[in-house]
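Peer 1: Shown below is the structure under consideration.
The values are calculated or read from the model by the stated rules, or taken from the named source; none is laboratory data. The structure presented is a predicted model; accordingly, all values stated were derived computationally and were not measured. No Cβ is skipped: glycine too gets one built from the backbone with ideal geometry, and neighbour counts run over all protein chains shown. Side chains are part of the model used for accessible areas, which takes the heavy atoms of the whole protein and leaves out ligands, DNA and RNA. Shrake-Rupley method; radii C 1.70, N 1.55, O 1.52, S 1.80 Å.
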Amino acid sequence: MIGLMGGLALFAIAGARRTQSSYARFLRASESSTMSVTTSENFDLAANDAIASLPGVRRSRTYVGFGVSVLVDGQPDFSQEFEAKGTFDGLFFDQDRFTATKGRLPDPGRQDEVAFNELAAAKFGYHVGQRIEIGVYSLEQGLDPKWFAAPTPPVHRLTVTIVGIGEFPEEVIHDDGDRDEQLLLTPAFSASVAQYATYGVQGLILTNGDDDVERVRAEIVKLVPPGSVEFHTTSVDAAHARQALRPLSITLALFGIIAGVVGLVLGAQALARLHRNHHDEHALLRVFGASPQSIATTSLIPLGVVVIAGAVLAVLLAIAASPLMPIGPVRRVAAAGIDFDTLVLLAGGFVMVVALLTISVLVVWRDSPERLEGQLRKLGHVSRLAGLATSIGLPPTAVIGLRSAFETPHKSDAVPNRSVLAGAALAIVMVVGAVTFGASLTTLTNSPRMFGWDWNATVLSANGYGNIDVGEATAIFAADPHIAGWSGAYFGDIDIDGVVVSALGMEAQSSVTPPILRGRMIQSDDEIVLGDATAAKLRKHVGDEVTVTDASGSAHQAKVVGVAIFPSIGRIHTAHVSLGAGAVVGSRFVPHDRDITGVPTAGLGPNVIFVRYQKGADRDEELAHLRSTTGPLSGFAGLDVLPAQRPAEIVNSSSVGGAPLTVAFTLALGAAVSLALALGASVRKRSRDLAVLSALGFTRRQLASTVAWQATSMVVVGLLVGVPLGVVLGRELWLVFAEQLHVVPEPTLPIGLLLVVPAALAIGNLVAALPARAARTVRASNLTQLPLPQ
């Protein structure tokens, strides 16, 4: 028991640590970039080389985009749209490596091998070994509005083989809105069509990591036109990943801690039973003159052997099960194997040994012969509950069952009822807490408002890089009676008190906005709303002032008027607002004077529009209707009408799935085993009493009924104590969890709690079946075979 329960606890806690650190280890293994640089101008090889040569840049790799389509009968198939990523210097091959979950990485020296990401493979039905014909189109062809209706021939065409399907590093832990269909082209292919590259994203590994980011960023700004460059730091992704993995690791750690506590309780009970099995021998040694110290030493030796052997077994089981970790999204792209978490296994094993040896010492001291000598003639504790049952006229079976559960008999006949009651209450507390936590988690994953989407549909242009014509949008939405309101927003980064923060630029007094936790939404351009995590980072509260620096370098004072939960949305594959991170400012503070090709343009519309339906509108039907009516808003860049997009934190929270119920089941099982063992011991210890009852006329059914009453009364006490405390525990755990995720903290009281009472009573009577059966076999004739009471 010690080995199994301890091994489960160590395995879960070590797995929690391995899961939480899995993305950081994956980044190291994939040679991830420290930062990436994106310019809105067309790809410039000279600027790329200049950035690569900056002091502090240890290695530079770049991917370049191409206009590539699958050809069917020589014509582009627009139903298969994806982003084609090529590289001249090996990005995704020796830096920020693409991970093939099926097949392999394409050969960099071959033009006719490609790989697709899993999203494209699932959407378009691609598989390893499939051969397709692709065509490359120039930027000029794509910008021609007539090209979609009458495509001109590609500038380059080639039949390629799909040799791998997998994921790019940024896809491993992702927001729903951060995924798109992607194709990986080899350096050999990219070199053959280099003149048709449309844009580039440069990945830089810096000599001193994040310590060099700001200095290198400042140097890059000097090399490119003002406002034409965006930066993304990998540590932001890593922090996001740690936050996203937290639901999994917290659940595992909670499971491990609970398993450890229950294991200690059950282990302590088992050690006490083991010691009491030798009580008569210890008393005999005392009669023959053995000293109390020698008796204690003799008693402790078998208990110590059991404890140490159990701890060693626990460590070995945790190591053997370690290949099952980590869980979560990283597992698919990271090699699993034997893992020895020195801190958890050695420290955890040591804690197990110390705790159980301490319990063993207490058990031996409590049951020492010299202490019992003074208690032989003491009456045990009389249960008031049993007396009450007698006074109100409950049947004798109920009264005797209650006395068996709550009265303390002669010490030599004692059964550890108190510890069993404590264990049952503890298990029910943990079960109810786990169920309450799980229900709150389910409510969160099914309630978009709680993770920032306080609207029904999102109209997004060109994955966040395009703009929407406000005049056309107004006409479309005004003609739809199911739309209650809408608001536009621009994506960008702003400087707040010297800290770069992703922001939504919105018009003051917009009607459709992210949900507010505290305060209110902006009503003028000199006000700002912050995310909870951003406010904590800036050490600002509602009512404080901050300095906002716009793209031109002008500084403006703004008052913090609210704290909000932000949706996970923005330009794909870049830093953007999400949950507690971000800000809402007036639209003039967010740059939006360049179109998707980088050409300066005044008066561009928002990058996204948030749409809220009228109450009672069918969401699915309205979403389909919006997709049809917003067609005129789509230009070269494309347009998406999306439902709520979950952040990675919620995606991974969903994958927790039935873990809370697994915890609850395991705890219920442990409590049931403990109760069954206690009832069995009670029947054995009280066999003389049961034989007397049989002699007085108790039937076999009445003898079994006393055991059932004993089990039921112990479960009822556990429920009376455990249910309210479990609800409080589950709610408090959830509030802490929600605060860590920066979501709306609304705990849920699950309807399933109503099932806990009948389920616990049913389990209690089920485990009482075998002890009750043993009680039925006791006869009055057994009195002659039982030892006389001492």
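Peer 1: Take residues that are basic (Lys, Arg) and either closer than 24 Å to ALA439 by Cα or out of contact with any helix residue (DSSP H, G or I) (no Cβ under 6 Å at 6 or more places or on another chain) (or both) and tell me which of the helices (runs of 4 or more DSSP H) falling wholly in the range 664-767 contain 1 or more.
Peer 2: Details: elements: 687-695, 700-741, 756-767.
Hits in the range 664-767: 687-695, 700-741.
Peer 1: Can I ask one more? Just checking, how many residues over the range 286-322 are closer than 27 Å to ILE338 by Cα and open to solvent by 30 Å² or more (accessible area, probe 1.4 Å)? Spell out how you get there, then give the answer.
Peer 2: Looking only at the range 286-322, we keep the residues that are closer than 27 Å to ILE338 by Cα, and these are 306-322.
Within this subset, residues satisfying the condition of being open to solvent by 30 Å² or more (accessible area, probe 1.4 Å) are 306, 308-309, 312-313, 316-317, 319-320.
Residues flagged as closer than 27 Å to ILE338 by Cα and open to solvent by 30 Å² or more (accessible area, probe 1.4 Å) within the range 286-322 amount to 9.
Peer 1: Among the numbered criteria (1) open to solvent by less than 30 Å² (accessible area, probe 1.4 Å); (2) in contact with a helix residue (DSSP H, G or I) (Cβ under 8 Å, 6 or more places away or on another chain); (3) more than 12 Å from ALA583 (Cα to Cα); (4) aliphatic (A, V, I, L, M), which one does LEU530 miss?
Peer 2: (3)
Peer 1: Further, regarding this structure: Within the range 31-64, count every residue that is farther than 20 Å from ASP212 by Cβ, crowded, with 16+ Cβ neighbours inside 10 Å and among the small types (Gly, Ala, Ser).
Peer 2: Looking only at that region, the number is 1.
For every residue, the table says whether it meets (1) surrounded by fewer than 22 Cβ atoms within 10 Å (Cβ to Cβ); (2) touching a Phe, Trp or Tyr at 6+ places or on another chain (Cβ under 6 Å); (3) more than 30 Å from TRP453 (Cβ to Cβ).
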{"site": "GLY730", "(1), (2), (3)": "no, yes, no"}
{"site": "VAL736", "(1), (2), (3)": "yes, no, no"}
{"site": "GLU739", "(1), (2), (3)": "yes, no, no"}
{"site": "HIS742", "(1), (2), (3)": "no, no, no"}
{"site": "PRO747", "(1), (2), (3)": "yes, yes, no"}
{"site": "ILE751", "(1), (2), (3)": "yes, no, no"}
{"site": "VAL756", "(1), (2), (3)": "yes, no, yes"}
{"site": "LEU761", "(1), (2), (3)": "yes, no, yes"}
{"site": "LEU770", "(1), (2), (3)": "yes, no, yes"}
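Peer 1: Being open to solvent by 10 Å² or more (accessible area, probe 1.4 Å), in contact (Cβ under 8 Å) with a residue 12 or more places away in the chain and of a type in the set (Val, Ile, Thr) is the filter here, so list the residues in the range 470-494 that pass it.
Peer 2: Residues satisfying the conditions are VAL470, ILE476, ILE483.
Peer 1: Also, I was wondering about something else. Any residue at all in the range 208-217 that's more than 30 Å from GLU649 (Cα to Cα), of a type in the set (Val, Ile, Thr) and either in contact with a Leu (Cβ under 7 Å, 6 or more places away or on another chain) or in contact (Cβ under 8 Å) with a residue 60 or more places away in the chain (or both)?
Peer 2: Yes, the range 208-217 has at least one match.
Peer 1: Kindly evaluate ASN467 against the criterion of being open to solvent by 30 Å² or more (accessible area, probe 1.4 Å) and on the phi > 0 side of the Ramachandran plot. Talk me through it step by step, then tell me what you get.
Peer 2: Details: open to solvent by 30 Å² or more (accessible area, probe 1.4 Å): yes; on the phi > 0 side of the Ramachandran plot: no.
Here the answer is no, as ASN467 does not meet what is asked.
Peer 1: Please verify whether GLY103 is loosely packed, with under 15 Cβ neighbours inside 10 Å, under 24 Å from ARG332 (Cα atoms), under 30 Å from the mean Cα position of the chain (by Cα) and modelled with pLDDT of 95 or more, treating the condition exactly as stated.
Peer 2: no
Peer 1: Please specify each residue of the range 518-549 satisfying the condition of being part of a loop (DSSP other than H, G, I, E, B), at negative phi and of a type outside the set (D, E, K, R).
Peer 2: Across the range 518-549, the qualifying residues are MET521, ILE522, GLN523, SER524, HIS541, VAL542.
Peer 1: Report, by residue number, each residue of the range 589-625 that is modelled with pLDDT of 85 or more and open to solvent by 50 Å² or more (accessible area, probe 1.4 Å).
Peer 2: Those that are modelled with pLDDT of 85 or more and open to solvent by 50 Å² or more (accessible area, probe 1.4 Å): ARG612, GLN614, LYS615, GLY616, ASP618, ARG619, ASP620, GLU621, ALA624, HIS625.
Peer 1: Here's a follow-up. Could you grab me the full set of residues in the range 118-142 that are surrounded by fewer than 17 Cβ atoms within 10 Å (Cβ to Cβ) and in a strand (DSSP E or B)?
Peer 2: Result: ARG131, GLU133.
Peer 1: Can you go through SER235, SER249 and tell me which one is modelled with pLDDT of 85 or more and under 37 Å from the mean Cα position of the chain (by Cα)?
Peer 2: SER249 is the lone residue from the list that is modelled with pLDDT of 85 or more and under 37 Å from the mean Cα position of the chain (by Cα).
Peer 1: List pairs: first in the range 297-322 and over 9 Å from GLY7 (Cα atoms), second open to solvent by 30 Å² or more (accessible area, probe 1.4 Å) and charged (D, E, K, R), Cβ under 6 Å, 6+ apart or cross-chain?
Peer 2: SER322/ASP339
Peer 1: Quick check on the range 237-248. Is at least one of its residues of a type in the set (Asp, Glu) and touching a strand residue (DSSP E or B) at 6+ places or on another chain (Cβ under 8 Å)? Lay out the reasoning, then the answer.
Peer 2: From the range 237-248, those of a type in the set (Asp, Glu) are 237; that's our starting set.
Of the ones still in play, those that are also touching a strand residue (DSSP E or B) at 6+ places or on another chain (Cβ under 8 Å) are none.
No: the range 237-248 contains no residue that is of a type in the set (Asp, Glu) and touching a strand residue (DSSP E or B) at 6+ places or on another chain (Cβ under 8 Å).
Peer 1: Scan the range 376-411 residue by residue and report those that are of a type in the set (S, T, N, Q), modelled with pLDDT of 70 or more and either outside any helix (DSSP H, G or I) or surrounded by fewer than 21 Cβ atoms within 10 Å (Cβ to Cβ) (or both).
Peer 2: THR390, SER391
Peer 1: Still on this structure, I have one more. Among VAL500, VAL548, VAL542, VAL560, which is the only one that is open to solvent by 10 Å² or more (accessible area, probe 1.4 Å) and modelled with pLDDT of 90 or more?
Peer 2: One residue alone meets the criteria, VAL542.
Peer 1: Testing LEU356 on (1) open to solvent by 90 Å² or more (accessible area, probe 1.4 Å); (2) closer than 30 Å to HIS278 by Cα; (3) at pLDDT 90 or above; (4) not hydroxyl-bearing (Ser, Thr, Tyr), one condition comes back false. Which one is that?
Peer 2: Result: LEU356 fails condition (1) only.
Peer 1: Among the residues in the range 418-441, are any modelled with pLDDT of 75 or more, in contact with a strand residue (DSSP E or B) (Cβ under 7 Å, 6 or more places away or on another chain), under 30 Å from TYR613 (Cα atoms) and surrounded by 23 or more Cβ atoms within 10 Å (Cβ to Cβ)?
Peer 2: no
Peer 1: Next question, about the same structure. Of the residues that make up the range 143-152, is at least one in contact (Cβ under 8 Å) with a residue 40 or more places away in the chain, open to solvent by less than 30 Å² (accessible area, probe 1.4 Å) and either under 27 Å from ALA191 (Cβ atoms) or among the hydrophobic types (A, V, I, L, M, F, W, C) (or both)?
Peer 2: Taking the range 143-152 as the starting set, the residues that turn out to be in contact (Cβ under 8 Å) with a residue 40 or more places away in the chain are 143, 145, 148, 151.
Then drop every residue that is not open to solvent by less than 30 Å² (accessible area, probe 1.4 Å), which leaves none.
No, the conditions are met nowhere in the range 143-152.
Peer 1: Quick one: HIS278 ticks every box in (1) open to solvent by 60 Å² or more (accessible area, probe 1.4 Å); (2) at pLDDT 80 or above; (3) touching a Ser or Thr at 6+ places or on another chain (Cβ under 8 Å) except a single one, so which number is it?
Peer 2: (2)
Peer 1: What number of residues in the range 458-498 are touching a Lys or Arg at 6+ places or on another chain (Cβ under 8 Å) and aliphatic (A, V, I, L, M)?
Peer 2: 2
Conditions tested, residue by residue: (1) of a type outside the set (Ser, Thr, Tyr); (2) in a helix (DSSP H, G or I); (3) surrounded by fewer than 23 Cβ atoms within 10 Å (Cβ to Cβ).
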site: ALA191; (1), (2), (3): yes, yes, yes
site: ILE205; (1), (2), (3): yes, no, yes
site: ASP212; (1), (2), (3): yes, yes, yes
site: GLU219; (1), (2), (3): yes, yes, yes
site: LEU245; (1), (2), (3): yes, yes, no
site: ILE258; (1), (2), (3): yes, yes, no
site: VAL261; (1), (2), (3): yes, yes, yes
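Peer 1: Here's another thing I want to ask about it. Among the residues of the range 65-82, how many are open to solvent by less than 50 Å² (accessible area, probe 1.4 Å) and within 39 Å of the chain's Cα centre (by Cα)?
Peer 2: Looking only at that region, the number is 9.
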